[in-house]
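Worksheet: the structure to be examined is printed underneath.
Taken together, the values in this text are just the output of simple stated rules run on the coordinates, not laboratory data. Being a predicted model, the structure only gives us computed values, none of them experimental. Backbone-built Cβ (ideal geometry, glycine too); neighbour counts: all protein chains shown.
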Ligand code: PLP
């Protein structure tokens, strides 16, 4: 049966059990406790929460933090590196309170800190970080208030680093720290010449809008020296992009940054910390290659390339090894969330069967089409493809000019579709499939309508063609027989998933199962924990989905630890400035007027108002009766 590449992108967290359900193993270990996602979906619905649901599996966060720290620790030991690793989680990757709270809690033993890129994120970080030994990195453009907030955090004993992003910030940091009489720990974000491959490569290189150029760096350094504050310069920061697919870019970035680090030490700054930003990629398509949705390295290679690069550059002049900081975001949170939704309907590619007898018409269109259909074989596949498409154009022309009826046109289109399906099927026997037939093969799919909004829940799929693993979470011991694409329920033709992970090539459809009567068909979109939640929008007024968090216990049992009800219709209307009370009053007046006009009865008015009221309270997605 079809495994959808789960053994590749699942990273040990997701797999298929003997009864054909997707199971989650939050420890990632072969023998760890695991849980069927289908069972969880049914339990969620039994509690009255409708699909779509964003399911968070809390322990996966802990597992990923542990994995990152243990891998760095191992590599540091193996290489006799004389420094430690301290990670921070960049809040922007998933700002949800529950996520930050869980990371602070589970990261405590590893001193895993937080990174804030705005005032709001800094306030969230200060209120959530429970550990004064963890780092609090302040990136982003900083005004006086931002710096003051950070300085107060220093006063309260937090390890705060003010990272200078733009030249003007140095003076403001100097001024505010004098006002508060605090010696701040300062970092420079430097614009590296190294540019990574991938979709986010403009974070680095000359085109980057962030960071100090070489001469800005010298100016900032001289300003600190002039103020007697060079001893505050402790950190070098860079970030050359998120989801860096190629390990050689990671190594090149680290080597360049270490040369800069060395120069800052030689200039007399104490330094001590090297912050390599984000970039540790997630293998979304499971290909383990340098494709944009993957990475051609393991976490261990990532850690050891960083450690080795630092040693190679800094040992030449006996520069002490710095504390390594990374701001890994997606690698920490991506695995943690799964979007679950049900399929509402299918629009099948398959036309109705060919009738035994063709109707008699006064042209030979239908006969020619029938002939083409019967003729298809491996030897004449291109010719039949040309003919079928030619007759389809002819049928459409004839219809436009009144030459055939609607029923005759429908039959002609059906015959074309049968022919294309036959061509597609037979083409699988060929070693070389002609280009035109390849195109046809890509167009033969059913449309499965999923109860979700791509724009709300998977915005990167729409905005940047992100490939995410999508698959049924049950029936996996049955062979799926239908090639499909998945449409959402917004009225937007971009609201569809039509690119799927594949090891060898870009896949434009996915095999799914036919629907069964009286049985829901559930799909999951995996690895959606990073960036998707807050980047989502209210297109067509579909709001936040229900969110359910679970914790899997060591004995395989699990508990629901939190549920957040998604937006109601009234919620989303309020977001776009509707006044619900005024709306209700208007409807009351409208219905009263309809009685006056004799359109409806008083009883009907009552029913209309009741359904309006119920609609406002309801979920924005498709609800079962
Ligand atoms: N740090 C900075 C400064 C960033 O801009 C980003 C994201 O682009 C990150 C960290 C997180 O990157 P990632 O999610 O690839 O780890």
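Give me the distance between the Cα centres of the stretch 432-450 and the stretch 574-625, rounded to whole Å. Computed from Cα coordinates, the inter-centre distance equals 45 Å. I need the shape label for the stretch 364-461. Rule: rounded when a/c is under 1.5, else prolate if a/b > b/c, else oblate, with a, b, c from the alpha carbon gyration tensor. Here the stretch 364-461 falls in the oblate category. Each of the peptides 2-12, 76-86 was scored by the mean count of other Cβ atoms within 10 Å over its residues; in descending order, highest first, they stand as 2-12, 76-86.
Using a ≥ b ≥ c from the Cα gyration tensor of the stretch 1-153 (square roots of the eigenvalues), is it rounded, prolate or oblate, where a/c under 1.5 gives rounded and otherwise the larger of a/b and b/c decides, a/b for prolate?
Working: a/c = 2.86, a/b = 1.51, b/c = 1.90.
Cα axes put the stretch 1-153 in the oblate bin.
Indicate, rounded to the nearest 5 percent, the antiparallel portion of the DSSP beta bridges found entirely in the chain. Of the beta bridges lying entirely in the chain, close to 50 percent run antiparallel. Principal-axis analysis of the Cα atoms of the chain puts helix 299-314 at an angle of about 30° to the longest axis. The alpha carbon gyration tensor of the stretch 139-328 gives principal lengths a ≥ b ≥ c with a/c of 1.5 or higher and a/b greater than b/c, which makes the shape prolate. Peptides 291-298, 127-134 ranked from most to least packed, by the mean per-residue count of other Cβ atoms within 10 Å: 291-298, 127-134. The angle separating the long axis of helix 119-128 from the principal Cα axis of greatest extent in the chain is about 80 degrees.
Compute for the stretch 322-376: radius of gyration divided by Kirkwood radius, i.e. Rg/Rh, restricted to C-alpha atoms, rounded to two decimals. Mind showing how you got there, number by number?
Working: Rg = 28.1 Å, Rh = 18.1 Å.
On the Cα set of the stretch 322-376, Rg over Rh gives 1.55.
By per-residue mean of other Cβ atoms within 10 Å, what is the highest-first order of 325-336, 423-434? Show your work: numbers first, answer last.
Details: 325-336: 26.8, 423-434: 14.2.
Ranking the peptides 325-336, 423-434 by packing returns 325-336, 423-434.
Considering all different alpha carbon pairs of the chain, the Kirkwood hydrodynamic radius works out to 27.9 Å.
Taking the alpha carbon gyration tensor of the stretch 443-588, what are the square roots of 5 times its eigenvalues, largest first, to the nearest whole Å? Working shown, then result.
Numbers: eigenvalues 182, 93, 54 Å².
The answer is 30, 22, 16 Å, longest axis first.
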